[in-house]
Amino acid sequence: MHAMTDISTLHYLVLGAALFLLGVIGVLTRRNVVIVLMSIELILNAVNLNLVAFSRYWQSIHGPSALHGQVFAIFVITDAAAEAAVGLGILIAFFRNKETVNVDEVNLLKW
Amino acid sequence: MHALVQYIESYLSSDKTPGTAGNWFWATVYVLLVFVGLSIAVIAMNWLERKILAHMQVRLGPMRVGPHGLLQPIADALKLLLKEDIIPDGADKVVFWIAPFIVVLAAFTVFVVVPFGPTHAITDMNIGILFMLGVSSLSVLGIVTAGWASNSHYPLIGALRSSAQMVSYEVAMGLAVVSAILMTSLNESSTGTLSMIGIVEAQKAQGEWFLFKFFPLGIIAFAIFAIAMVAETNRAPFDLPEAESELTAGFHTEYSGFRWSLFFLAEYSAMIAVSSIAVTLWLGGWLRPFPNLLHGTTWDLAFSFIPGIAFLLLGAMCFYNTARMPKHPLFKIQTIGLAGFGAVLALIGLVMFLPPVRERVGDIFWFSAKVAGFMYLYIWYRGTFPRYRFDQLMKVGWKVLLPTGLALLICTALWAMRSEVWTQVVVPVGMGFADFVRRLL
Amino acid sequence: MNPQIAGNPPVATPYFFYGLAAIMIIGGILVITRKNAVHSALALITTLLAQAALYLMLYAPFVAGVQIILYAGGIMVLFLFVIMLISIERAEKERQFNKQWLVGIAAAAALGGLFITVYTATTKGRVLFPEGRTSYVDMQNTQGIANLLFDQHGGTYMFAFEIASLLLLVAIIGAVVMAKKRI
């Protein structure tokens, strides 16, 4: 009944790609480490959105129990939690040593 | 027009919640009802807390505004709304504005899935309990941003404390909740549920509240939750984020007027929300007491009279106090007011005896009565326990509740699978060990 | 399972999708442009919540719940906590973007071009990515995920799940080692 206006998998993919790009720009251009970490979260979320959208598509082909994409998304969220914990831990150690939170001031490759 | 009426009436014959049935009209009605009921409950809690605390400390509490201070909450609300709205000079204006709304939204959104009865919930979600825990954990964001945006030391310390405290206690709380959810899967198909209504239905089907299930495991889980929920809502004895003797008022020191009242509203509705989680998970939700001990139509009828009787008793209490009012002419209006209040309560009680009403309000009454019990506990804690020190608080969370919760979860799982554990683990291992011993000899 | 629900498709799906997508994009732009890290974090939280709503639209309620409870309620609180711990006044007055920002933008633009090429590419007359209808499938989402994760017979991801728990353990130890002054 609404063939043109219906939301397809591609819509979600485009949205995911846009978020991914925003995340990439954030990671590549910002100096503040906290915001770089947040941009990484954006990237992971874009991936998650794609995974869940694909899972939806997969379900429409293989039946309702084909939830692999959603399981992947949950693993990615777990990963994001681990990444945030370690990343912020490193950030605190970094801040304690150098009194700064800017990425381009860590260019020694050693402490 | 006729189609609209039909649409509205079509829901009445369904046995689902309006959200599940997809009926927008009744969903809106339920949202409004829950919102109004919650606001009334918060107002009532405000009055009750002051009165009960006062009586615990052998004081009278508010007595001036209205008979026995009944109109005090309304006077307070008016005062708060008329107060000057101060935003500190160095505050982050936008965040300062948003923070109270985050807290209020989180506290109110939770009630979307709270089951007041088998069909009396706004909607029934597949992930009900997860939704409740998740959304109620969002309120910590509001508290943290409120403390940060105030640009002041006390609020910042309060916010840091509250975020540390709430994140810590969420873990123990989650473990207790998981052990209750594990119990919902003890049926033939062995599939559990996260839906709030499904959890209560599981207790009904198993003929036992989860509080008493696997004694003492259910009670321990409940105890962990009951401690963690006090910490989650930042109430005494865990009210360190707003400890008035150290941090003036903690994260809302710089807030005043309307926005402070939003924090107040959120605190009380969050209390009601976590209490309704506890009631749903362990105390059988809307189920009446003793469903399997005192069953049969006679007992059903007897229990269905209790809501009406309760309201009649409240009305009788009002009339008794009307008779005890001072006979001085200055107290004339107050005496009439109290008598009128008693009359309204008694009238509600009488209405609740009518069969059509009686059948519909029973479950709502039992749910609310159980939640009210928790509310009394909150006030009781506040009246009796001294405040914890912060390191003690962390110690209780991480070193007591968390290990207990983990052990409890494992014990519940083992006990639920006891026949499998016996036949597949204990017996083979025992046989192997016996064999080993035999060979040694 | 429940025919009456299956007969009621959700209303106005496209509007919800475009609204939420707009919120997410705006939130994402705010995340990478704000000077103040707390503002960025709030924008990111908005994005995450909108994404949880999108998961609900994709009939993935469990992932939506995990998204809210873990991302918005857990990870972002951690972020805010750390931002408050290391807040320095001068951070806002400094340069916000690093020197290679032009290269970064160029790389991102190249990546965007790649995305556009892939999404519009056709092989043998049909598009590479299917315009699959997200039709309604009524099912018990949480139980399905649990079956994939834990079931004895169909638990495809049980091993991965255990590995994930190991990953979390490593992360806990790593975070403690990093953040603690003296161990």
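Each value in this text was obtained by applying a stated rule to the coordinates, not by laboratory testing. These figures come from a predicted structure and were not determined experimentally. Cβ atoms come from the backbone with ideal geometry, glycine included; neighbour counts cover every protein chain shown.
Helices in the protein assembly as shown, meaning DSSP H runs of at least 4 residues, each add -39500 (n - 2.57). Divided by all residues, the mean residue ellipticity at 222 nm is -22500 deg cm²/dmol. Going by neighbour counts of Cβ atoms within 10 Å, the residues B:Cys411, B:Cys318 line up, fewest first, as B:Cys411, B:Cys318. The ellipsoid that matches the Cα gyration tensor of chain B has semi-axes, each √(5λ) in whole angstrom, of 40, 32, 23, with the longest given first.
Below 15 Å, Cα to Cα, which aspartates and glutamates can A:Lys98 reach? Residues fewer than 8 away in the same chain don't count. The qualifying aspartates and glutamates are none; the list is empty. Based on the convex hull around the alpha carbon atoms, the stretch C:139-183 presents an average projected area of 4.1 nm². Ordered by the count of other Cβ atoms within 10 Å of each Cβ, fewest first, B:Ser245, C:Ser165 give B:Ser245, C:Ser165. Between B:Ile336 and B:Leu354, the modelled label-to-label distance comes to 2.8 nm, taking each label 7 Å out from Cα in the direction of the beta carbon. Within the same chain, lysines fewer than 8 places from B:Lys83 are excluded, and of the rest, those with a Cα less than 29 Å from its Cα are B:Lys51, B:Lys93.
In chain B, Cα pairs under 8 Å separated by at least six residues give a relative contact order of 19 percent. Against the main long axis of the alpha-carbon atoms of chain B, helix B:427-440 sits at an angle near 40°. In sequence order, the stretch B:23-29 has phi-based couplings of 9, 5, 4, 5, 4, 4, 4 Hz under the Karplus curve 6.51 cos²θ - 1.76 cosθ + 1.60, θ = phi - 60°, and Gly or Pro positions carry x.
Each label point was placed 7 Å from the Cα along the Cα-to-Cβ direction; for B:Glu9 and C:Leu166 their separation is 6.6 nm.
Peptide packing: for A:28-36, B:63-71, the average count of neighbouring Cβ atoms within 10 Å per residue gives the ranking A:28-36, B:63-71, highest mean first. Here the stretch B:155-184 is scanned for amide nitrogen atoms under 19 Å from the site 7 Å beyond the Cα of C:Ser87 along Cα-to-Cβ, giving B:155-167. Seen against the Cα atoms of chain B and their longest principal axis, helix B:217-232 is set at about 40 degrees. Give the separation of the Cα centroids, the stretch B:132-189 to the stretch B:242-279, in Å. What the calculation gives is 14 Å, centre to centre. With N counted as the residues of the stretch B:363-441, its alpha-carbon radius of gyration over 2.2 N^0.38 Å works out to 2.00.
Listed from fewest to most Cβ neighbours within 10 Å, the set B:Asp76, A:Asp79, B:Asp85, B:Asp15 follows the order B:Asp15, B:Asp85, A:Asp79, B:Asp76.
A straight Cα-to-Cα reach below 17 Å connects C:Lys93 with the lysines C:Lys35, residues fewer than 8 places away in its own chain not being considered.
Dimensions of the protein assembly as shown from C-alpha coordinates, computed as largest minus smallest value along each principal axis and given longest first, are 87, 83, 69 Å.
The mean sequence distance of close C-alpha pairs (under 8 Å, at least 6 residues apart), as a share of the length of the stretch C:10-90, puts its relative contact order at 26 percent.
Calculated on the Cα set of the stretch A:9-105, radius of gyration then Dmax: 16.5, 55 Å.
Taking the longest Cα principal axis of chain A as reference, the axis of helix A:9-29 is set at about 10 degrees.
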